[in-house]
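The values are calculated or read from the model by the stated rules, or taken from the named source; none is laboratory data. For clarity, every value in this text was computed on a predicted model and none was experimentally measured. A quick note on method: Cβ atoms are made from the backbone with ideal geometry, for glycine too, and the neighbour counts reach across all protein chains shown. When the accessible area is computed, the model is the full protein with side chains, heavy atoms only, and any ligands, DNA or RNA have been set aside. Shrake-Rupley method; radii C 1.70, N 1.55, O 1.52, S 1.80 Å.
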Amino acid sequence: MSSRRQYPFHLIEPKWQQHWDTQQTFKAWNPGEVLPAAHPFAVRHSLSGPVAVTQLPPKYYILDMFPYPSGAGLHVGHPEGYTATDILARYKRARGFNVLHPMGWDAFGLPAEQYAIKTGQHPRKTTEANVTTFKRQIQSLGFSYDWSREVDTTDPGYFKWTQWIFLQLYNAWFNPETNKAEPISTLKYPADCTTEEQKRAYRDSKRLAYVSEAPVNWCPELGTVLANEEVIDGKSEVGGFPVIRKPMRQWMLRITAYAEKLLNDLDGIDWSHSLKEMQRNWIGRSEGAEVDFEIADCGLRIAESGKRIRVFTTRPDTLFGATYMVLAPEHKLIDQILALATIKPHVNGEITAKTVNIVDASGKSVGIKPLAEAIEVARSQSLDLIQLSSVGEMAVCLLQDFGAFRFAQQELAKHGTDIIRYREEVAKKSDLERTELAKEKTGVFTGAYAINPVNGEKIPIWIADYVLATYGTGAIMAVPAHDERDWEVAKKFNLPTPPVVASPQMEAFKIDDRITRGWREVADPISRERIGYTLDGAPFVEEGVAVNSANSEISLNGLPTAEAKAKITSWLEAKGVGKKTINYKLRDWLFSRQRYWGEPFPIVWKDGHHSAVAAESLPLQPPDLTDFKPTSTGEPPLARAKDWVSLVDGSVRETNTMPQWAGSCWYYLRYLDARNGNAFCGKEAESYWMGTGGGKLKVEGSRLDTAAAQPATCNLQPVTPGVDLYVGGTEHAVLHLLYARFWHKVLFDLGHVSTPEPFFKLVNQGLILGEDGQKMSKSRGNVVNPDDILSEYGADAFRLYEMFMGPLEMVKPWNTKGVEGVYRFLGRVWRMFINDASETEFEQAETTADASKRGELLKLIQLDAAIKDVEATPAQLKTLHTAIKKVTEDLDAMRFNTAISALMVFTNEAMTWETKPVSVLRSFLQLLAPFAPHIAEELWDKLNGGRATSLVYAPWPAFDPALLVEDTLEIPVQVNGKLRDVIKIPATADNAAIEAAAKASEKVKLFIDGKTIKKLIIVPKKLVNIAVG
RNA sequence: GCCGGUGUGGCGAAAUGGCAGACGCACAGGACUUAAAAUCCUGGGACCAUAAAAAGUCGUGUGGGUUCGAGUCCCACCACCGGCACCA
């Protein structure tokens, strides 16, 4: 503040921001819109009136991740990406594109709601105030957004369509045959679905938006459930509160149906490698096999589903080494085991039900019969009728010898108490404890055994919480010799660890050697009989060669892992006890929240069934509340609004709301046609901005060139860019970006959008750290407020600095001194154009002038007398065209920092010119304009005597390579790779002349005289290297 | 542990396999000024040497390799940052 202002940015910046605003300079034109003839875009492209798609130039859609307008206001991280996209938007306008560059507000969210709970202030009020602040701050940076397309996710005109898209999901199913989403009306019902009730249940189970009663991530502190993606290390992403598992009725979105597409289509889009990897990891595809293990007969089979346990494994080749089995504590089979162990059976005469569903020992229903008849059936087989359960008049009865039943039940019951206790312990643990803290493996034996299908061995069934109920089948076969976790458990509980894979390097599969390879003889008689050896030391988890893996029908011995997998899998398939399977880590998206400040579901409930509200009745507005807390019964806050919830026909509204991600899943589509009241987006607008349609001009460097460079693996048909460039932070790698791709694909399948992928090219800006190199945070006190920087250095300097810090994608620390550097640069640019004396006069006038009149005083500032309308010298043209080339290439590659340095190089050079040709300065201002638009417009205006149209649509200067050709070349000469001299030589010199000149150099001679030249390299016009011996 | 990224002056950084450190910050010296600020000019990787210089040697995280030539390509390792993490 103490120093003199480099140039009057405080007047220039508001002046041009206002100018752009009133002229609607940055309005993007949709096909069919009426273009005023005077608009600079119309002038540039010779258009006016209603324009057809075919008349419009090619589009360029450049998008920022819209912000959540928090109470803290903008921080310097936000404008980093916004500046980058703004520079490119301005550049692309100059290159002749119709540029769509919008901004909006992701305004539903927890902070406003929590503030509301504390203060009673309605979240809408808080949100509106925050949006106002954000908008003011963003606008003060001079970004070229088309504000006529501003969206706000909390605006009923917006969330009407969020709800509408939800209904699209609700009314669709994923058809595996066509591999896409289809309207629910195309669903075919299985033969046993006959009644309306059955059909409804089937239909509801197939919808892309469905209701599920399952354990979910419940965060007591936030009073809501969270998606898997919102839980980090067992704590909520927002606030870091503990999260526990709790079964609740919730809305889910079937994103898993799209797992394969979400994975494969990454190949065709231009995202950073690491971001794609993050998505791939999150989707977590793994190939393996499902294998069925029969449960060893304990006399207690009761249902078909309980007869076998299905496991998932990625290493079916190790099946011969499975020595036990582990079920997740939540596995439903455990319930059956427990039920059997604890039921108090009624036998024969004790049964009171009128009818009986008889099941045999294998769990099959033998038939439903009146009680008397059922008893007769039992008597005829010398068995007992044991009642397992009853509903009303009907009982389910097992046909079995009661004595044997009681014995088996007692056996199970011995372990039953262990199981119950273990399950209770597990349930008490939070996710955090179950992962981070539970380093030591735990588990209990169930008392039951399974049969290994490859060798008929009886292996114990355990339950342990290191097996997750939600992945695969919730059950595994444990192969301790070849799996870290199984190894730990086996060691802890003294279970055998027979090896079935050997390292090929060690050739350990040569059985004779195995003892020296770390295998030792086992004492366990079962394993000894089968294998005779167990692995010592540590598990061998890599791929290798199968050993000890044979039965009378199949042998894997000697096969490398990949082949062994294939062989055993087809054997299992032939036997009908297994099949090749693909599993994903990705879970369905938990889509409901127990909150107020979100989109209400357009769903009503009646008699336990849900149905959609009519699309015509949308938007469904949330009720007005004064108390935003959940109800005392733990229901969501919407349940407080009794009038809102209850409808006249006796049905009630869904009281959950949608998560914050809903609004951001499709906002980029709303921008295309933001004020459309009849559709989420008009068809023509969608296909012009997102598709390949439209565009009469062939523009060099257009997106289509980029699309052509797609990798061969791309399987997107048709190849479409969608959003041409999307810039935002990595924090959305697996949340917003995965969800939005999912919604887009559903909309694509249903014919609402024309591209399978929404964001063709995506770039992550790197985090900006505080001056101390630490993450900016209030508690560290290192937060930089853009408003402070702006008032001291102006928006142009701020923009310039954000880009000059380093490559966009990199993490980099803020340094206010660096802002001064680029600010000084702008000062030099200013002085390159401006007459000193007139500026002094302006400054004096300004000190006395009325504040409102100061803008007018800019007129006092005169151009420097050295600026003349003369032909540029070759040297001046060379300086200019060097800059044009560098800035153009750097902008195409998003290298903003080096582009700015090229502008500095030009300025340093041009400052020294005695005469400055207008034409050269004009081109320079065009290069500068995307970076520092305000000063560029002001100087452009002065240079053109105040008569020119806005610089924004002036065609980008072309560079002429002919002007860059040098007469004299400076060629470095190396001897043995070390620089010894630089020779000057005419550009026309051929290699022989260069060689002669190099050898003639005195400095070079010192190093080559008296030595033999072994090799001589000449890179034409570049370099000479002489290798001597 | 797994996956990805990054290591270059005092600092932010730049360099199609071809003059390492462009551009900027900080710093030092000078000009202007009564003085300061601002501005303009000059300097600058380290070492060695010197009155000063020239010349020379070393130098892009570490160790190897390929090459006439490596910050850049290959192999092995180290450090930091980000993501995932009992995913069978």
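Below are the figures for this structure:
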quantity	calculated
Rounded tilt (10° steps) of A:273-283 against the dominant C-alpha axis of chain A	20
Region A:560-589 and region A:857-871: distance between their alpha carbon centers, rounded to Å	78
Computed [θ] at 222 nm, helices only, for chain A once each DSSP H run of length n ≥ 4 contributes -39500 (n - 2.57)	-10500 deg cm²/dmol
FRET efficiency estimate (nearest 0.05) - Cβ-Cβ, residue A:1021 to residue A:976, R0 30 angstrom	0.85
Karplus-derived HN-Hα couplings along region A:413-426 (A = 6.51, B = -1.76, C = 1.60, θ = phi - 60°), whole Hz, x at Gly and Pro	4, 4, 8, x, 5, 4, 4, 4, 4, 4, 4, 4, 4, 4
Paramagnetic label zone (point 7 Å from Cα along Cα-to-C-beta, residue A:43; backbone N under 19 Å) in region A:10-30	A:15-29
Under 18 Å from the Cα of residue A:812 - aspartates and glutamates, other chains or at least 8 residues apart	A:80, A:731, A:771, A:772, A:802, A:820
Cα-based equivalent ellipsoid of region A:821-902: semi-axis lengths in Å, sorted from largest, via gyration tensor	32, 19, 10
Cα long-axis angle, helix A:332-342 against chain A (0 to 90 degrees, to the nearest 10)	30
Label point at residue A:649 placed 7 Å out along Cα→Cβ; residues across region A:595-613 whose backbone nitrogen lies under 18 Å	A:601-613
Cβ-based net charge around residue A:165, under 11 Å, with every Lys or Arg adding one and every Asp or Glu removing one	+1
For chain A, diffusion coefficient by Stokes-Einstein and Kirkwood Rh (Cα), 20 °C, 1.002 mPa s, µm²/s	62
5 Å-binned pair-distance histogram of region A:332-408 (Cα, whole percent)	3, 17, 29, 28, 16, 6, 1
Kirkwood-based Rg to Rh ratio, region A:966-1028, C-alpha trace	0.94
When region A:801-947 is reduced to its Cα atoms, the Kirkwood hydrodynamic radius in Å	16.5
For region A:786-963: relative contact order, % (alpha-carbon pairs under 8 angstrom, 6 or more apart)	26
Charge context of residue A:895, other residues only, Cβ under 10 angstrom, K/R +1, D/E -1	-2
Length released on extending from residue A:1003 to residue A:984, taking residue separation times 0.36 nm less the Cα-Cα span	5.5 nm
Accessible area of region A:119-206 divided out per residue, in Å², using a probe of 1.4 angstrom	46
Cα-derived Rg over Rh, computed across region A:891-1029 with Rh taken as Kirkwood radius	1.20
Per residue Cα convex hull volume in Å³ - calculated over region A:2-107	151
Evaluated at q = 0.15, 0.16, 0.19 Å⁻¹: base-10 log I(q)/I(0), Debye formula over Cα of region A:271-429	-0.90, -0.97, -1.18
Environment charge at residue A:606 (Cβ cut-off 11 Å; Lys +1, Arg +1, Asp -1, Glu -1)	-1
Relative contact order [Cα under 8 Å, 6+ residues apart], chain A, whole percent	15
